[in-house]
Amino acid sequence: MQTRQSALARSRSIRLMALLPVVVAATLAAGCGDKSKPEGKASQAAARVNDTEITVHQINQVLERQQGLKPEQADAASRQVLEGLIDQQLAVAKAEEQKLDRDPQVVQMLDAARRNILARTYLEKAAAAAVGAPSAEDVRKYFDTKPALFSQRKVYAIQEFTVPAAKDVAEPLMTKLKATKGQQEFVEVLKASGVKFTANQVTQAAEGLPLAIVDKLAEVNDGEALYVTAPDGFKAMLVVASRLQPVTFDQAKPAIEQFLTTERRREFVKNEIKNLRTAAKVDYIGKFAEKPASGAVAAASTPAPAPAEAPASAAPGGLDATALNKGLSGLK
């Protein structure tokens, strides 16, 4: 009997989780499902589902979150969004009919979603107000100090080899691989080692690579590899071929402005959280009163922005795995 009750509880929990996005949307979206319209104002309704209106404002809210939407795509996208909102409202109505919005578990999840949205909105608005656009000098300086991204930008055909191996195996194997000439010899040596590995072929421009390796990879000749080390092995990025494809300052300027703004806002958020913690009185209770591992609290509260350069602790001839981070997007 107890097993059957547990199974029913799990089934119910799964159904609640499946309906969560629908209920969150219904509860958090102010004005979602307006059942009356202000007197004297033109209707902004796009559709009516039973006695509930779906408004143009709701459609526009969704469209604003769609990156890269072209003007000629707006009408078709609006209609597609409207159909999705109609489906959503039908499910919301059923959820409300079954009083799922009053279920304790759903109420807790809605509250968690509300807290997340409020915290994120505060930090985004605070960062936007505190961090302005980078100066023309800052943008130019970034362009001039990153030739591998811009004036000497390359597009690479890379074969990535991920090699899990203990240190005493990985280091001598890397030494042998560095002595190879060309892709064929590289693969032969790797296969002859008897170490299991996985391979993946990619074509990537410099700005799509982790920023920590862009300058390093620019120094690697075709047929040679860049090595990224980790405690459980290494990754070899073999440059099969590369071609020079520079971008001008005017081409790169919008992407640089966006990148610098994003990085500075991220740094602001990190410092703002730190300041809020300093000003607040935080008492840990019960088992959480025990001293946490070093850095655990900071890591849990706000992920630090990825470094723009390789760390000084990188292994000779390669990079530490912690150096891998997001590239600079937006260049064409």
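The values are calculated or read from the model by the stated rules, or taken from the named source; none is laboratory data. Keep in mind that what you see is a predicted model, and the values were worked out from it rather than measured. Cβ sites come from the backbone with ideal geometry, for glycine too, and all protein chains shown count toward neighbours. These accessible areas exclude ligands, DNA and RNA; they are computed on the full protein's heavy atoms, side chains included. Shrake-Rupley method; radii C 1.70, N 1.55, O 1.52, S 1.80 Å.
Near LYS154, the amide H atoms lying under 5 Å from its own belong to ALA206, GLN245; only residues 5 or more places off or on other chains count, and H is placed 1.01 Å from N. Size descriptors for the range 154-263 (Cα atoms only): Rg and Dmax, in that order, 16.0, 50 Å.
Kindly flag which residue pairs out of LYS154/LYS235; LYS146/LYS191; LYS146/LYS181; LYS125/LYS253 have an alpha-carbon separation exceeding 32 Å in this structure.
Values: LYS154/LYS235 21 Å; LYS146/LYS191 37 Å; LYS146/LYS181 29 Å; LYS125/LYS253 24 Å.
Beyond 32 Å: LYS146/LYS191.
Dividing the convex hull volume of the alpha carbon atoms of the range 35-163 by its residue count gives 302 Å³ per residue. Computed with a 1.4 Å probe over protein heavy atoms only, the accessible area of ILE86 comes to about 40 Å². The label-point distance for VAL282 and ASN50, in a model that sets each label 7 Å from Cα toward Cβ, rounds to 4.4 nm.
Amide H to amide H, with H built 1.01 Å from N, GLY233 comes under 5 Å of ALA165, counting only residues 5 or more places away or on other chains. For a straight C-alpha distance cut-off of 20 angstrom, the aspartates and glutamates reachable from LYS178 (same-chain residues fewer than eight places away being disregarded) are GLU160, ASP168, GLU188, ASP215, GLU219, ASP222, GLU224, ASP232, ASP320. The phi-based Karplus calculation (6.51 cos²θ - 1.76 cosθ + 1.60; θ = phi - 60°) puts the 3J(HN,Hα) values of the range 139-144 at 5, 5, 4, 5, 4, 5 Hz, whole numbers, x for Gly and Pro. With the simple model of a label 7 Å out from the Cα in the direction of the Cβ, GLU267 to GLN73 spans 3.3 nm. Atom-type composition of the exposed protein surface of the range 148-297 places 53 percent of the accessible area on carbon and sulfur (1.4 angstrom probe).
Taking 30 Å as R0, compute the FRET efficiency from the Cβ-Cβ separation of ALA199 and LEU244 and round it to 0.05.
Details: r = 26 Å, r/R0 = 0.86.
With a Förster radius of 30 Å, E is 0.70.
For GLU219, GLU160, GLU224, write out the residues from largest to smallest accessible area, computed with a 1.4 angstrom probe and no ligands counted.
The ordering from most to least exposed comes out as GLU219, GLU224, GLU160.
Solvent-accessible surface (1.4 Å probe) assigned to LYS274 amounts to roughly 130 Å².
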